[in-house]
Amino acid sequence: MSFSVNEINNIIGFENYKNQSNKDFNFKEISIDSRNISSQDLFIAIKGNNFDGHDFISDVIKKGVKAVILDKRKEGLVPENLPYWVVSDTIEAFQKLSLYWRKKLNIPVIAITGSVGKTTTKEITGEVMKNLGKIKISTKNNNNEIGVAKTILDSNTEDKLLILEMGMRGLGQIENLSKFSEPDIAVITNIGSSHIGLLGSKVNIARAKCEIVKYLNPKGVVIIPSNDELLEKTLNNVWNGRVLKISVVKNKKNQNHNIDKKNLIVGLYDELRNLIIIEDKVFQISYRGIHNAFNFLFAYAISQEFGIEFNSYNFFNVRNMQGRNRLIKKNKAIILDESYNASPESVKACIGILLEYPGNHFLVLGSMKELGVMSTQYHLEILNLINEADIEYCVFICDLNEEESIKKEFSSKNIIFKNDKSEIAEIINSRTNKNDYVLVKGSRYWELEEIIPYIV
């Protein structure tokens, strides 16, 4: 990456450039992290939820940075001899720079969103597309207005493809992410119940996810599941371009022969052998479950847009992600680590995977946040499913108010309620035997990964 002062001026505004002692130098990197910055970099002071970059301006100046971009209300933090730009919104400035860089790179951009499965789909896509060469993929939780821009700016001229994950907390946010990334291919994995407490309904969730097409290349394509009527209806209201659908079936008899197969990719999922069959091609991925078969189909659909050819058999060993799709062998128990987050749809999918394994099944479940007024209803649905399934014992951690609300309509001798994590590992350890399976699943709020080291 390299930006000149004139390029920054064109993007940020000439009138915003102060202390113009030098206009002839270039910046090696654009950084928002004061800890990892060099004297060749431009520092942007961004205020996030848990930090304010303006607090570290003195630190970056000591490290010899060439210039900074900061909020005009904080202008007094910069010494007179240091060039700087003042703006009303440093995050917006950061995004403008990322869009400029995205256009300068001129490589295909894939944007992935959805209620569940977007991170796994992103990782599988990276694995499937690696034949193209060097690929830039968003990492960790870089799926918001700061993280997406950072991923774009971290890309370089060696990259052949950019894969972005896009999350949201409300209406308008994905539209903003689309605005400064201008994707060529958009994937919407599904419309689920996540964020229903914030947005009020699945209709609004669908609208929020479909914002991804606002700045999509008009010649691009949107890839969606074929079984989501709400998503399809919502998308048709905002997108007139090409739509490609994917479908996963467990039995050839379930295939609908009356649908338009020109715009549909169907995969047959062999649950026993964990194989996905597409026409005459056979694939295997390291993740189990029909929901991961869907995630693979999204990746495969993307690969076909690039004309990637496969041999008759392919195995894709997708890297383990913290808190997702991880199988951990302990001295006694075998843990299915799905601790990163939870929604009604993802909990059901993970219970299905748990039950595929032989032996006794245990569950540590953290309550699902962001469900709003629907919280009790969704939790009752999940708890009744657990109660009826082949699960020996479940520890359900929730707030006291959640517990009281649920217990008005539910009770079970095999499900115990807890309001903190302190005793969970001990309870599970006292009940499991050698090679029993324990699923750990819960909202990010509970940070259930913290109990995993204590399960034996």
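Scanning the range 172-227 for residues that are closer than 19 Å to residue 302 by Cα and of a type in the set (Ser, Thr, Tyr) yields a total of 5. Per the conditions (1) out of contact with any Cys (no Cβ under 6 Å at 6 or more places or on another chain); (2) modelled with pLDDT of 95 or more; (3) buried (at least 19 other Cβ atoms within 10 Å of the Cβ); (4) among the polar types (S, T, N, Q), the sole criterion not satisfied by residue 217 is (3). Considering the range 413-430 alone, what residues qualify as being surrounded by 15 or more Cβ atoms within 10 Å (Cβ to Cβ) and either more than 19 Å from residue 337 (Cβ to Cβ) or not polar (S, T, N, Q) (or both)? Those that are surrounded by 15 or more Cβ atoms within 10 Å (Cβ to Cβ) and either more than 19 Å from residue 337 (Cβ to Cβ) or not polar (S, T, N, Q) (or both): 415, 417, 418, 421, 424, 425, 427, 428.
Going through (1) out of contact with any Gly (no Cβ under 6 Å at 6 or more places or on another chain); (2) farther than 24 Å from residue 240 by Cα; (3) surrounded by 18 or more Cβ atoms within 10 Å (Cβ to Cβ) one by one, residue 134 falls short only on (3).
When the range 416-456 is filtered for residues that are in contact (Cβ under 8 Å) with a residue 24 or more places away in the chain and aliphatic (A, V, I, L, M), the ones remaining, listed by number, are 424, 425, 427, 428, 438, 439, 440, 448, 451, 452, 455, 456.
Residues checked against (1) among the hydroxyl-bearing types (Ser, Thr, Tyr); (2) under 24 Å from the mean Cα position of the chain (by Cα):
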site: 361; (1), (2): no, no
site: 411; (1), (2): yes, no
site: 427; (1), (2): no, no
site: 440; (1), (2): no, yes
site: 444; (1), (2): no, yes
site: 448; (1), (2): no, yes
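Residues that are more than 28 Å from residue 200 (Cα to Cα) and exposed (fewer than 15 other Cβ atoms within 10 Å of the Cβ) were ranked within the range 357-388; the one that is modelled with the highest pLDDT is 388. When you scan the range 372-382, do you find a residue that is in a strand (DSSP E or B) and on the phi < 0 side of the Ramachandran plot, even just one? Scanning the range 372-382, I find no residue that is in a strand (DSSP E or B) and on the phi < 0 side of the Ramachandran plot, so the answer is no.
With the requirement that a residue be under 14 Å from residue 329 (Cα atoms) and in a loop (DSSP other than H, G, I, E, B), what does the range 407-456 give you? Passing the criteria: 432, 433, 434, 435, 436, 455, 456. In the range 333-345, the residues that are surrounded by fewer than 22 Cβ atoms within 10 Å (Cβ to Cβ) form Cβ pairs under 6 Å with partners that are among the aromatic types (Phe, Trp, Tyr), at six or more places apart or across chains, as follows: 334/437.
The values are calculated or read from the model by the stated rules, or taken from the named source; none is laboratory data. Only a predicted model underlies this, so the values are computations on that prediction, with no experimental measurement involved. In this analysis, Cβ positions are derived from the backbone assuming ideal geometry, glycine residues included, and neighbour counts consider all displayed protein chains.
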